[in-house]
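Visitor: Supplied in structure tokens, the structure appears directly below.
The values are calculated or read from the model by the stated rules, or taken from the named source; none is laboratory data. Please read these numbers as outputs of a predicted model, since none were measured by experiment. All Cβ positions, glycine included, derive from the backbone under ideal geometry; neighbour counts span all protein chains shown. SASA here: full protein model, heavy atoms, side chains in, ligands and nucleic acids out. Shrake-Rupley method; radii C 1.70, N 1.55, O 1.52, S 1.80 Å.
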Amino acid sequence: MSAKIISGKEIAAQIRDELKKDVAELKDKHGVVPGLVTILVGQNPASISYVTGKQKTAHELGFHSIQDDQPEDISEDALLDLIEKYNKDPKIHGILVQLPLPKHIDEKKVLNAIDPDKDVDGFHPVNVGRLMIGGDEVKFLPCTPAGIQELIVRSGYETSGAEVVVVGRSNIVGKPIANIMLQKGAGANATVTVVHTRTKDLEAHCKRADILIVAAGVPQLVKPEWIKPGSCVIDVGVNRVGEKISEKTGKKIAILKGDVDFDAAKEIAGAITPVPGGVGPMTITMLMKNTVKSARIAAGEGS
Ligand code: NAD
């Protein structure tokens with residue numbers, strides 16, 4: 001039987017509808033409008049496209065949104081001053097600095113200058129620490145892993161007591177999603193295994209997984225015979241494997257493949273995310289969710 005296809009597009013749209021209601025409620029109850037600033041240094045085309053996507057979504061949700069473009073040659077001190085300005089601005093609840101930054105700027109220094117309570121990307125060491133501690137300490141989950149958790153929960157898979165196997169141990173996907181899944185609480189409580197390039201028998205671990213999360217960046221690494229029948233497979237990988245002409249626009253576009261052999265895996269798994277259209281659409285939406293949470297905290301609701 002063919003697996004249920006978990007549509008990130010549909011789930012992200014559902015969450016954005018919920019957020020619209022939250023934004024209206026925050027405005028009515030507290031007169032607060034979620035504020036998000038995206039800072040772009042230079043004119044890297046990929047970065048422009050990412051930032052434009054974030055601003056467009058923020059605008060659609062009714063946020064107070066600012067796109068702050070800075071020249072490629074901005075000094076590190078000037079960028080740090082700019083961040084400090086937004087740290088102090090009560091109308092701004094989320095600050096995002098689009099990466100990569102030019103070579104003369106210390107990325108770590110810049111990201112660490114963001115007020116952890118406005119770090120809606122969730123990568124500030126304080127927020128990484130809060131996630132490790134868990135419970136009420138957690139403020140902002142990093143966006144891609146938070147999106148993965150939503151996909152699993154909203155597609156009806158039980159995480160409590162489940163064997164979750166995460167392929168990959170990066171700071172942006174593997175480690176945080178492993179931490180999220182082992183939290184004590186709803187949508188978590190899993191038994192988590194993290195596998196990586198030094199793991200002895202990748203296949204044996206994957207075969208045990210009730211929920212298999214793959215973030216390796218290796219096209220079609222996971223073979224169909226590694227998948228437990230009926231399991232939930234979340235394919236985070238986005239790999240460019242060639243180019244094709246778009247039927248819609250007639251322009252050249254990248255052919256994207258995930259880390260899982262989708263066509264064969266969907267005949268074994270119970271549910272699976274496609275690439276594209278699975279995890280990808282969730283990331284920006286979770287950034288918006290974090291910004292709404294930050295605004296709610298600023299309005300005196302929750303912590
Ligand atoms: P990364 O390169 O930082 O980390 C990859 C991890 O996978 C490493 O820990 C490595 O040990 C492990 N790995 C690599 N090859 C392996 C192998 N053969 N066997 C076992 N483990 C192996 O990558 P990342 O930033 O975590 O991203 C992973 C993938 O997810 C990439 O394709 C990336 O494009 C994609 N991604 C997608 C989104 C999104 O959809 N929004 C967001 C982030 C990353």
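Visitor: Taking K and R as +1 and D and E as -1, what net charge do the other residues with C-beta under 13 Å from the C-beta of LEU141 add up to?
Guide: Combined, the nearby Lys, Arg, Asp and Glu give +1.
Visitor: Considering only DSSP beta bridges where both residues belong to the chain, give the percentage that are antiparallel (nearest 5).
Guide: Details: 6 of 35 bridges.
Taking every DSSP beta bridge within the chain, about 15 percent pair in antiparallel fashion.
Visitor: What value, in deg cm²/dmol to 500, does the helix sum -39500 (n - 2.57) over DSSP H runs of n ≥ 4 give at 222 nm once divided by the residues of the chain?
Guide: Details: 10 runs with 115 residues, N = 303.
After summing the helix terms and dividing by residue count, I get -11500 deg cm²/dmol.
Visitor: Based on the Cβ-Cβ distance from GLN14 to GLU301, what FRET efficiency comes out when R0 is 22 Å, to the nearest 0.05?
Guide: That pair, GLN14 with GLU301, gives E of 0.50.
Visitor: In whole Å, how far is the Cα centre of the range 1-22 from that of the range 123-160?
Guide: 17 Å
Visitor: Note down the relative contact order for the range 138-178 as a percent, whole number, built from C-alpha pairs under 8 angstrom at least six residues apart. Walk me through the numbers before you get to the answer.
Guide: Values: 20 pairs, mean separation 19.9, N = 41.
Computed over the range 138-178, the figure is 48 percent.
Visitor: On a full-extension model of 0.36 nm per residue, what is the gain between VAL126 and ASP81, subtracting their alpha-carbon distance, rounded to one decimal in nm?
Guide: On the way: separation 45, 0.36 × 45 = 16.20 nm, distance 2.04 nm.
Value of the extension gain: 14.2 nm.
Visitor: Let me ask something else about it. Rolling a 1.4 Å sphere over the protein heavy atoms, what is the accessible area per residue of the range 114-250, to the nearest Å²?
Guide: Normalised by residue count, the accessible surface of the range 114-250 is 48 Å².
Visitor: Between VAL194 and residues 5 or more places away or on another chain, which pairs have amide H atoms under 5 Å apart, with H built 1.01 Å from N, and which residues are they?
Guide: Placed amide hydrogens put VAL166 under 5 Å from VAL194.
Visitor: Right, here's the next one. Using the Cα centre of the chain as the reference point, and only Cβ charges (+1 on K/R, -1 on D/E), how large is the resulting charge dipole? Debye, rounded to the nearest 20.
Guide: Dipole of the chain, to the nearest 20 debye: 520 debye.
Visitor: Quick one: Karplus J couplings for the range 15-23, per residue in order, coefficients 6.51, -1.76, 1.60, θ = phi - 60°, nearest Hz, x for Gly and Pro?
Guide: Karplus values, whole Hz, x for Gly and Pro: 5, 5, 5, 5, 5, 4, 5, 4, 5.
Visitor: Name the residues of the range 218-240 whose amide N is less than 14 Å from a point 7 angstrom out from the Cα of ASP263 along the C-beta direction?
Guide: 220, 224
Visitor: Follow-up question, since we're still on this one. If r is the Cβ-Cβ distance from ILE253 to LYS56 and R0 is 22 Å, what FRET efficiency results, to the nearest 0.05?
Guide: About 0.70, to the nearest 0.05.
Visitor: With a cap of 15 neighbouring Cβ atoms within 10 Å, and only residues DSSP puts in a loop, list the GluC sites (Glu not before Pro) found in the range 128-225.
Guide: GLU158
Visitor: If you find the alpha carbon centre of the range 257-303 and of the range 45-100, how far apart are they in angstrom?
Guide: Centre-to-centre (Cα) distance: 22 Å.
Visitor: I'd like the Karplus ³J(HN,Hα) series for the range 286-295: coefficients 6.51, -1.76, 1.60, θ = phi - 60°, whole numbers in Hz, and an x wherever there's a Gly or Pro.
Guide: Values, residue by residue: 6, 4, 5, 5, 4, 5, 5, 4, 4, 5 Hz.
Visitor: So, one more: Relative contact order (percent) for the range 140-282, with alpha-carbon contacts under 8 angstrom and 6 or more residues of separation?
Guide: 22 percent
Visitor: I've got another one for you. Using amide H atoms built in the peptide plane, which far-off residues or other-chain residues are under 5 Å from VAL97 H to H?
Guide: ILE39
Visitor: Pull out the extension gain between GLU158 and LYS29, defined as 0.36 nm times the separation in residues minus the alpha carbon to alpha carbon distance; nm, one decimal. Walk me through the numbers on the way to the answer.
Guide: Details: separation 129, 0.36 × 129 = 46.44 nm, distance 3.48 nm.
Length gained, GLU158 through LYS29: 43.0 nm.
Visitor: Given axes a ≥ b ≥ c from the Cα gyration tensor, I'd like to know whether the range 29-117 is rounded (a/c under 1.5), prolate (a/b larger than b/c) or oblate.
Guide: Judged from the Cα gyration tensor, the range 29-117 comes out oblate (a/c at least 1.5, b/c at or above a/b).
Visitor: Considering amide H positions built from the backbone, and no H for Pro or chain starts, which residues 5 or more places from SER170, or on another chain, come under 5 Å of its amide H?
Guide: The answer is LYS175.
Visitor: Taking every DSSP beta bridge with both residues inside the range 129-283, roughly what % is antiparallel (nearest 5)? Don't jump to the answer; show the numbers that get you there.
Guide: Values: 6 of 22 bridges.
Bridges in the range 129-283 that DSSP calls antiparallel: roughly 25 percent.
Visitor: Relative contact order (percent) for the chain, with alpha-carbon contacts under 8 angstrom and 6 or more residues of separation?
Guide: On the way: 614 pairs, mean separation 66.3, N = 303.
With pairs under 8 Å counted, the relative contact order is 22 percent.
Visitor: Separate question: Enumerate the residues in the range 170-184 having an amide nitrogen under 14 Å from the point lying 7 Å beyond the Cα of ARG198 toward its Cβ.
Guide: Of the residues in the range 170-184, 170 have backbone N under 14 Å from the label point off ARG198.
Visitor: How far apart, in nm, are two points set 7 Å out from the Cα along the Cα-to-Cβ line at SER2 and at LYS21?
Guide: 3.2 nm
Visitor: Can I ask one more? What are the ³J(HN,Hα) couplings of the range 279-285, residue after residue, when phi is run through the Karplus curve with 6.51, -1.76, 1.60 and θ = phi - 60°? Round to Hz, x for glycine and proline.
Guide: 5, x, x, 6, 4, 5, 4
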